[in-house]
Amino acid sequence: AQSVTQPDIHITVSEGASLELRCNYSYGATPYLFWYVQSPGQGLQLLLKYFSGDTLVQGIKGFEAEFKRSQSSFNLRKPSVHWSDAAEYFCAVALYGNKLVFGAGTILRVKS
Amino acid sequence: DAMVIQNPRYQVTQFGKPVTLSCSQTLNHNVMYWYQQKSSQAPKLLFHYYDKDFNNEADTPDNFQSRRPNTSFCFLDIRSPGLGDAAMYLCATSRDRIEQFFGPGTRLTVL
């Protein structure tokens, strides 16, 4: 069955430290890949996406993600976390014309 | 700026009292989606419109209905809200059925 796995439910990092959020997918083909961020009580904001081409994609707010076909992964990274990055992060995948499938989400806490 | 707008942002209704949530978009996208998101969970797709064609998810309860009178507007009707329907409801749009743009959501409380 097609699925998206975010193995970390909660992650806590210190402000200024680096961040990596993990995402693995299970699909027969390479899907379209997304990372969304959701602040409490808000909608989802697209951070970045991968459709094809360069496997390292840059997004908004200083985030980047790397697609690794051999590992079926699309991990999100940020070199230096800010307190305002505290939110919930969702990895999502889609095949053309099909619905978006979300991971369970990772809640990021930033400590000062 | 082009955007997805949801009204109201917060809605309180009584158990069993019908409620309608609204979504509008200025992106001129032909696909519109409704998601339900419960606390600490991922969004769950309820249904979507591709132009005027309605596509219901198999596990969406009959209590949930939708209308799309034109390209810009889409409504979510909950005919008889139960306590289990309390959630955030997210509207999204797409031009290409790949990338989706989300609205800010409506938080529904059922008393």
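The values are calculated or read from the model by the stated rules, or taken from the named source; none is laboratory data. Note that the structure is a prediction, hence the values are computed from the model and not measured. Methodologically, a virtual Cβ is constructed for each residue, glycine included, from the backbone with ideal geometry; neighbour enumeration extends over all protein chains shown. Areas reflect the complete protein model, heavy atoms only, side chains present, ligands, DNA and RNA absent. Shrake-Rupley method; radii C 1.70, N 1.55, O 1.52, S 1.80 Å.
At a glance:
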{"item": "Residue within region A:75-88 that is within 24 Å of B:Y89 (Cβ to Cβ), at pLDDT 95 or above and facing chain B (nearest Cβ under 10 Å) present", "result": "yes"}
{"item": "Residues satisfying the stated conditions in region B:79-91, i.e. open to solvent by less than 50 Å² (accessible area, probe 1.4 Å) and either farther than 13 Å from B:Q11 by Cβ or within 10 Å of the chain's Cα centre (by Cα) (or both)", "result": "B:G82, B:G84, B:M88, B:Y89, B:L90, B:C91"}
{"item": "Enumeration of residues in region A:30-70 that are surrounded by 12 or more Cβ atoms within 10 Å (Cβ to Cβ) and within 9 Å of chain B (Cβ to nearest Cβ)", "result": "A:Y32, A:F34, A:Y36, A:Q38, A:Q42, A:G43, A:L44, A:Q45, A:L46, A:K49, A:F51"}
{"item": "Where B:A58 falls short, out of the listed (1) in contact with a strand residue (DSSP E or B) (Cβ under 8 Å, 6 or more places away or on another chain); (2) loosely packed, with under 14 Cβ neighbours inside 10 Å; (3) within 12 Å of chain A (Cβ to nearest Cβ)", "result": "(1)"}
{"item": "Among residues of region B:10-54, those that are within 12 Å of chain A (Cβ to nearest Cβ), exposed (fewer than 13 other Cβ atoms within 10 Å of the Cβ) and not in a strand (DSSP E or B), counted", "result": "2"}
{"item": "Qualifying residue in region A:71-90 (condition: touching a residue at least 60 places away in the same chain (Cβ under 8 Å), in a strand (DSSP E or B) and over 16 Å from B:S40 (Cα atoms))", "result": "yes"}
